[in-house]
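The values are calculated or read from the model by the stated rules, or taken from the named source; none is laboratory data. It should be emphasised that the depicted structure is a prediction, and the values quoted were computed from it without experimental measurement. With ideal geometry, Cβ positions are generated from the backbone for all residues, glycine too; neighbour counts draw on all protein chains shown. When the accessible area is computed, the model is the full protein with side chains, heavy atoms only, and any ligands, DNA or RNA have been set aside. Shrake-Rupley method; radii C 1.70, N 1.55, O 1.52, S 1.80 Å.
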Amino acid sequence: MNAEPAVQLRLLDLQALDARLDQIEHRRRTLPQLAQIAELEGRYAGVRDRVVAGETEVSDLERVMAKAETDVEQVRARAAKDQDLLLSGRITSAKELESLQQEVASLARRQGDLEDAELEVMERLEDARGALSGLTAERDGITAERDAAVASRDAAWGDADRDREWVGSERTKVLPDIPADLLALYDKLRADHDGVGAAALHQRRCEGCRMELTPTDIGRIRDAAPDTVLRCEECRRILVRTPESGL
């Protein structure tokens, strides 16, 4: 394959632009914000589930608390009614009076038991609400961190997209200068060699594989016509001669 030396140098320009595009894509894929967002998403999911469990516990305890308050009020009302009746003097029968006194005493014990149970539920509810408040604050903090990381990621992606657009426009300017057959070979070699299809010969070293050429290879290159498209014997990439080749 043959191509004018100026065309081969343009191939190096294309390689530099393609390398820039690869670097931009790599930068997009490896942004530290991506790992941070993933870590925050995992933390958020765990805290979210604990918040739901905490909300369920608080809701259940609130129902238990409401029932306990109702039970206490019912016993308290019944005890007050019996106490009023006891003090009214309307009960004259000794047997009925004794029975009423026993009921008042029983209601007092019942009220005490219910109030103890109510206090226990109240303490559990207070603890559950405190725990839920802490979990909610933790969830909201993670959400704020995640939102900030997402905004930072989007800003970085925006910068990368602008860089990619500019490099892409420059690449479009270079493509018409390169013959189709040379471009096809370059694209194939790029696909096979980690994105590098063409490399400069610099001080007798291939810049693609970083191997120094043998004296035999140097002699072959010296003898080749200026428009001959050369290949590195080590990596098989297109090898482009430059004023710094050291020939």
Over the range 1-111, with every protein chain in place, what whole percent of the accessible area is carbon and sulfur at 1.4 Å, could you tell me? 53 percent
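Rolling a 1.4 Å sphere over the protein heavy atoms, what is the accessible area per residue of the chain, to the nearest Å²?
Working: 14830 Å² over 247 residues.
Normalised by residue count, the accessible surface of the chain is 60 Å².
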What is the Cα centroid distance between the range 4-43 and the range 151-221, reported in whole angstrom? 12 Å
Specify which residue in the list L114, G130, W157 is farthest towards the positive end of the charge dipole of the range 99-169, using unit charges on the beta carbon of Lys, Arg (+1) and Asp, Glu (-1), about the Cα centre. W157
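Within 10 Å of each candidate Cβ there may be at most 12 other Cβ atoms; applying that plus a DSSP loop requirement, which trypsin sites (Lys or Arg not before Pro) in the range 1-100 survive? If you can, show how the numbers build up before the last one.
Numbers: sites: R10, R20, R27, R28, R29, R43, R48, R50, R63, K67, R76, R78, K81, R90, K95; in loops: R90.
Those that pass, being in a loop and sparsely packed, are R90.
If contacts are Cα pairs under 8 angstrom and at least 6 residues apart, what is the relative contact order of the chain in percent? Write down the numbers at each step before the final one.
On the way: 223 pairs, mean separation 82.5, N = 247.
Answer for the chain is 33 percent.
From the Cα gyration tensor of the range 199-240, with a ≥ b ≥ c the square roots of its eigenvalues, which class applies: rounded if a/c is under 1.5, or else prolate if a/b is larger than b/c, or else oblate? All intermediate terms of the calculation are to be shown ahead of the outcome.
Details: a/c = 1.73, a/b = 1.26, b/c = 1.37.
Cα axes put the range 199-240 in the oblate bin.
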Antiparallel bridge percentage (DSSP; both residues within the chain; nearest 5): 60 percent
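Rounded to the nearest 0.05, what FRET efficiency do T70 and V150 give with R0 = 35 Å and r taken as the Cβ-Cβ distance? Could you check? Could you put the intermediate results ahead of the total?
Details: r = 48 Å, r/R0 = 1.37.
Plugging the Cβ-Cβ distance into 1/(1 + (r/R0)^6) gives 0.15.
Please state the charge dipole magnitude for the range 57-201, taken about the Cα centre, from unit charges on C-beta atoms (+1 on K and R, -1 on D and E), reported in debye and rounded to the nearest 20. List each step's numbers first, then the result.
Details: 20 positive and 34 negative charges, 58 e Å.
Dipole about the Cα centre, nearest 20: 280 debye.
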Residue by residue through the range 179-192, the couplings from Karplus 6.51 cos²θ - 1.76 cosθ + 1.60 with θ = phi - 60°, in Hz, x for Gly and Pro, are x, 4, 5, 5, 5, 5, 5, 4, 4, 5, 5, 4, 5, 8
Nearest 10 degrees is fine. How inclined is helix 94-174 to the longest principal axis of the chain, computing both from alpha carbons? 10 degrees
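Want the number for D187 to M1: 0.36 nm per residue separation, take away the alpha-carbon distance, what's left?
Working: separation 186, 0.36 × 186 = 66.96 nm, distance 1.50 nm.
Computed gain between D187 and M1 is 65.5 nm.
What FRET efficiency comes out for the pair E98/R124, r = Cβ-Cβ distance, R0 = 41 Å, nearest 0.05?
Numbers: r = 40 Å, r/R0 = 0.96.
Efficiency computed from Cβ-Cβ geometry: 0.55.
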Starting from the alpha-carbon convex hull of the chain, give the projected area averaged over all orientations, in nm². 22.3 nm²
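At a temperature of 37 °C and a viscosity of 0.692 mPa s, determine how fast the range 126-170 diffuses translationally according to Stokes-Einstein, using the Kirkwood radius over alpha-carbon pairs as Rh; express D in µm²/s, rounded to the nearest whole number. If you can, show how the numbers build up before the last one.
Working: Rh = 13.1 Å.
Reported coefficient: 250 µm²/s.
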